[in-house]
């Protein structure tokens, strides 16, 4: 039988939160739920969540979908919490995991169990890619060889009886350790390492809770009508016809705005700038694009790159693309090398090929930023 102990008794003070960070939402779910889901899917027999008394009711509610999970009150330190959970655990093998590491894979869990069965212990770790130093009072006192330095993660697995003995001895001697590998190494034996994963990072600071990058797609079409020029990405281009629109008809900006808004999960441009609103009659679409960029910032996102494809038989766009890229890059706040504009015909097929209109497709990549106030 295998038990998993999730350490969830923190306060989130380093992140500047007023609540336990494992109760904060990440990707639509509390952080703790991701860890619970991973261990449940891996088939562990028991999950014990060590938590603070003030968080117990909220955590109990999160455990409802997981019949093998139960909550119990932890102590003032990690060691006290793990020790209490160890005494209550029913499994012969125990895996201890930071609940604030929500990105662990089922492979890590299975590898940890396999390591315990093969070697008596299993500590998830990564080789250090940077030089590691030991320091005191701001001065380097030792530089371990990088090939011997590892960054320890969780889960960490052991046979329950041996880890319990180690913690009992630590309590008798009044010693504290930052994790289970330390106490096990001190009292039992050098624990066995197994390969961790870069994605298995611990959420510690506020920036760690920023959302993931997002992809967006937008498309727009405008028909030709009266006029002697069209506007694309803020560039006025002479032509035999204009584009029919409530605003300035900048079909490229419209497709790009929809791509940006959809990537951020916001309503489309028809919601924000309806063609029934006289305020937007003849509106400068580049100015509307800048308004969308502000909306994104308030939602916690910014454009990382944009790629646009324009389908039009005429006019010829090649002479204008450099200026179009410059305008878009300025509005989005990114480099021109992060903006791609491709122009092509539709080989005389369909409404585009017949010269009746222009269609634009746009894709964007958004990166998380601190939400604008």
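Results, tabulated for the structure shown:
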read-out	value
Label zone at residue 169 (point 7 Å along Cα-to-Cβ), backbone N below 15 Å, region 77-105	none
Order of 81, 40 - criterion: other Cβ atoms within 10 Å of each residue's Cβ, fewest first	40, 81
Alpha-carbon centroids, region 227-281 and region 151-191: separation in whole Å	63
Residue-span extension gain [residue 134 to residue 11] - 0.36 nm each, minus C-alpha spacing	41.5 nm
Separation of alpha-carbon centers, region 53-120 and region 334-373, rounded to whole Å	48
Residue-span extension gain [residue 337 to residue 207] - 0.36 nm each, minus C-alpha spacing	44.1 nm
Estimated 222 nm signal from helices in the chain, with DSSP H stretches of n ≥ 4 weighted -39500 (n - 2.57), rounded to 500	-9000 deg cm²/dmol
Shape of region 2-209, Cα gyration tensor, a/c cut at 1.5	rounded
Relative contact order of region 2-209, pairs being alpha-carbon contacts under 8 Å that are 6 or more residues apart, as %	24
Amide N of region 70-94 lying under 18 Å from the label point, which is placed 7 angstrom from the Cα of residue 53 along Cα→Cβ	71-78, 80-82, 84-85
Whether the chain is rounded, prolate or oblate, judged on the alpha carbon gyration tensor where a/c under 1.5 counts as rounded	prolate
Estimated FRET transfer efficiency when R0 is 35 angstrom, pair residue 161-residue 197 (beta carbons, to 0.05)	0.75
Efficiency of FRET between residue 186 and residue 305 - r from beta-carbon atoms, R0 51 angstrom, step 0.05	0.55
Two-site FRET efficiency, residue 244 against residue 345, from Cβ-Cβ distance with R₀ of 22 Å, rounded to 0.05	0.60
Values of log10 I(q)/I(0), in the order q = 0.11 Å⁻¹, for region 220-373 under a Debye, Cα-only, solvent-free model	-0.40
Shape of region 160-270, Cα gyration tensor, a/c cut at 1.5	prolate
For 184, 66, order by how many other beta-carbon atoms lie within 10 Å, fewest first	66, 184
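FYI, it's all coordinate maths here, none of it is from the lab. The shown structure was predicted, so the numbers you read here are calculated from the model rather than taken from an experiment. Backbone-built Cβ (ideal geometry, glycine too); neighbour counts: all protein chains shown.
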